[in-house]
There are 2 protein chains.
Amino acid sequence: MPDQKVTVAIDAMGGDHGPSVTVPAALRCLARDPELAVVLVGIEEQIASELRRHRTAVGDRLRIRHASEVVGMDESPALAMRNKKDSSMRVAIDLVKAGEANACVSAGNTGALMATARFVLKMMPGIERPAIASALPTMRGRIIMLDLGANVDCTPEHLLQFGIMGAVLVSALEGREQPSVGLLNIGEEEIKGNETVKQAADLLRASGLNFYGNIEGDDIYRGTTDVVVCDGFVGNVALKTSEGLAKMISTMLREEFSRSVFTRIAGLVALPVLNAFKRRVDPRRYNGATLLGLRGVVIKSHGGADRFSFEHSIDKAIREVRNGVLQRISEKMVVAHEDAA
Amino acid sequence: MPDQKVTVAIDAMGGDHGPSVTVPAALRCLARDPELAVVLVGIEEQIASELRRHRTAVGDRLRIRHASEVVGMDESPALAMRNKKDSSMRVAIDLVKAGEANACVSAGNTGALMATARFVLKMMPGIERPAIASALPTMRGRIIMLDLGANVDCTPEHLLQFGIMGAVLVSALEGREQPSVGLLNIGEEEIKGNETVKQAADLLRASGLNFYGNIEGDDIYRGTTDVVVCDGFVGNVALKTSEGLAKMISTMLREEFSRSVFTRIAGLVALPVLNAFKRRVDPRRYNGATLLGLRGVVIKSHGGADRFSFEHSIDKAIREVRNGVLQRISEKMVVAHEDAA
C-alpha cells in the first residue's frame, strides 16, 4: 500500500537561517517521499532564488505561496498575531485551517506560533490548553515530554489532558499500546509536590491511562516511563538546563582533548568513538516539537536548526498526519469525557 | 594567624553507608586541620569499632556522643522528628543548639534533617523558610543555586530572601563583593514566568543586590550569574534532571568505548584525558548542600556519598563557620529590614 499523500505548509522564512535552511530541507524530504507535497510560504523572490540555487522548479508537489511579512524571533507574540496578518507563519497556519495543507512546520518565534495557531485553528474539544511536546533521548530509547513551555500555570485538569495527549502521541507514532505516563515531581516525602501535582496524580490514577505515578528529574533520561508530564515552567527549565549541561560537557571534553600534543593524538584515536557517541545523542535527530491540542498539526522546529535538523521536523509533521494523531486525540477525549460523565 | 577552632558534630549513622564512610572521612579532615574537633554522633559500639579498624582512639579533638536511634532514609520526616528524640541526626543538631558544636553534617534523610533542624534551631529573624543551597560547576567556575527542594510553593518574598542568603554565601565563601543574582525563568516573551516570578523580579530589583535579571535553564551551566534563585520544585527538578543526563552521557560514553577491541584501545589512549575531564566535573567535589536560613550551620551530604565526597561536606561546614556565614546573613537581614522600613 503506498503512503498516504500529505501536504505540508512550511514557514520558509522562520528560524535564524530562513530559506537557506528551510528550502533545501524541504527538497530533501520531497526527494525521499514521493507522496509528499510542500507549500513553501514566504517572500516569493527569496524562496525562488533559493530554489534556483538548487536548480529546482516549482511543480505539482512543490509550490510557493507568497506572504509579504516575517515575524521576528524576538517580536511580541501578541503584536505579531494582531498586526502581521500576512506573515509567512500566519499564512502557513491559514493553509492548514483551509484544508490546503495537512500540517505546518515553522522554526519561527515559539510564542507567536503558539498564539497564532491557537487563534486560527482553535483548541480540540475537551482540551483547554495547548502543550509543547517533544521527544528526548534516554538510556532505553526515547520519551515524550510535555509541556515544555506553553503554559506556566497549569491546573490538575491541564496536566491530565497533557497526559492523555502525550500517551496518544506515543501510541500513534511508536505503535505502543498503553504507554506508561509519569508525573514529574520531587522526591522528599514531607513535601511531595505542590497541591496541583498531588491532585493531578489523583486524576491521572483514575483516568484509565497506564499511570506509572510520580517520577523525579533523573527518571527522564533513565527512560522510566514513555511519557513525562509537567507544567510548562518546570518542563522548559528542565529542557534548557539539559541543553546547558550538554553544551558544558561537550565544551569541556573538547578543551581536555586540545590541551597538548598528546591529548590531541588521543583525541584523534578516540574520534570515531566520540562521533558514534555524538550521533546517539544528536539533538538534531530530536528536532521538532509538536503543538498538541490544536485542531491541526503544527510542528515547531528549533530556531537555530540546520538543514538536517529541519528535515526531522518536516518528517515529524508527515508521521503525525499519516498516523492520524489528531483523530486519535479527539477520539480519546470523547471517551475520557464519557467516562467522566 | 592560626585558623579558628571549629567543632563539627557529625551524624555518623546517616547516609547509605553510615560509619564506614562518615568515620574515615572525619579522620581525614582531623589529620589535615589541627584546629578541627569532631563529635561523632550515633551508636557508640559501631563508631568505636570503625575507629578501631583505623587504629584511632578518641581524644580531645575526637569524641563519640552515643545516640541510640537512627532515622531511616525513607522514613517520614514528621514521624522521625516526633518520635526519634535520640536519633544520631537529632542529637547532632542538639549539639549545635547547645553551643557544643559550631556546625553539623549529615548524609541522612533530607526531609527529616530539614524538619528537625528547623524545629530545634529555629529560623533566623527575617527569613521565613529555609532553603537548600548547593554549588554547581559551570563553564566559568561555579555557581550557588537555591532552593533545591526545601520549598515547593514559594512567595515572591521567599525568593527575595533566597537571593539575599545566596549572595551572602558567595561573598563569604569566595570573597566576592556584590555577587550577581539571577532569577530562573522561562524564555517566551508572551508568558515570561508566572506571577510569583514576576513579582520576585521586582523585589530583587529593588533590593540593593546585584540583580542580573531573569535567566533561563541554560544559563546555569553557562555560569551567567554567581547565584541562581528558584523555588524548590523547579530547583529540585533541574538538579535531578542534570544528574540523570550526566549519568546517561557517562554510561553511553562507556558503552561506546566498550564496543570492540579497537574502541577499547581508543579508550585506553583517551583514558588520561577522560579522567582529567571527569575530575573537572566530579560531583563529589561539589557534595554538601547548605540548609540556609537556620540559626546554625547544617550541611546535608548526598546520601550515597563516599569517603572523599563526605570529606567535602565536612570541609564545607568548616568554611562556613570560619567565614561567619550565619553572622553575615543576619547582618544583611537587619539591613534589608531597615531599608524596607
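The values are calculated or read from the model by the stated rules, or taken from the named source; none is laboratory data. All figures in this text were calculated on a predicted structure; none of them were measured in a lab. Here Cβ is always computed from backbone atoms with ideal geometry, including for glycine, and neighbour counts include all displayed protein chains.
Determine, yes or no, whether A:PRO125 is more than 13 Å from A:THR290 (Cβ to Cβ), within 13 Å of chain B (Cβ to nearest Cβ), surrounded by fewer than 24 Cβ atoms within 10 Å (Cβ to Cβ) and more than 12 Å from the chain's Cα centre (by Cα).
Criteria not met by A:PRO125.
Quick check on my filter: what residues within the stretch B:192-230 are within 9 Å of chain A (Cβ to nearest Cβ) and farther than 20 Å from B:ARG142 by Cβ?
Hits for the stretch B:192-230 are B:LYS192, B:GLY193, B:ASN194, B:GLU195, B:VAL197.
Within the bounds of the stretch B:195-204, is there any residue that is of a type in the set (Ser, Thr, Tyr) and over 23 Å from the mean Cα position of the chain (by Cα)?
Let us first name the residues in the stretch B:195-204 that are of a type in the set (Ser, Thr, Tyr), namely B:196.
Those still in the list that are over 23 Å from the mean Cα position of the chain (by Cα) too: B:196.
Checked against the condition, which is being of a type in the set (Ser, Thr, Tyr) and over 23 Å from the mean Cα position of the chain (by Cα), the stretch B:195-204 yields at least one hit.
Among the numbered conditions (1) of a type outside the set (Asp, Glu); (2) within 12 Å of chain B (Cβ to nearest Cβ); (3) crowded, with 18+ Cβ neighbours inside 10 Å, tell me where A:ALA135 comes up short.
For A:ALA135, the exception is condition (2).
Do any residues in the stretch A:117-140 that are over 24 Å from A:SER87 (Cα atoms) have Cβ atoms under 7 Å from those of residues that are buried (at least 20 other Cβ atoms within 10 Å of the Cβ) and hydroxyl-bearing (Ser, Thr, Tyr), where the two are at least six apart or on different chains, and which pairs are they?
Pairs found: A:ALA133/A:THR290; A:THR138/A:TYR221; A:MET139/A:TYR221.
So if I check each of A:GLU190, A:GLU195, which one is acidic (Asp, Glu), surrounded by 16 or more Cβ atoms within 10 Å (Cβ to Cβ) and at pLDDT below 90?
Working: A:GLU195 fails: surrounded by 16 or more Cβ atoms within 10 Å (Cβ to Cβ).
Step by step, each of A:GLU190, A:GLU195 is checked, and only A:GLU190 is acidic (Asp, Glu), surrounded by 16 or more Cβ atoms within 10 Å (Cβ to Cβ) and at pLDDT below 90.
I'm trying to understand the selection: among the residues of the stretch A:1-19, which are without any contact (Cβ under 8 Å) to a residue 60 or more places away in the chain and buried (at least 16 other Cβ atoms within 10 Å of the Cβ)? Outline the logic, then answer.
First, the residues of the stretch A:1-19 that are without any contact (Cβ under 8 Å) to a residue 60 or more places away in the chain: A:1-2, A:5, A:18-19.
Selection gives A:GLY18, A:PRO19.
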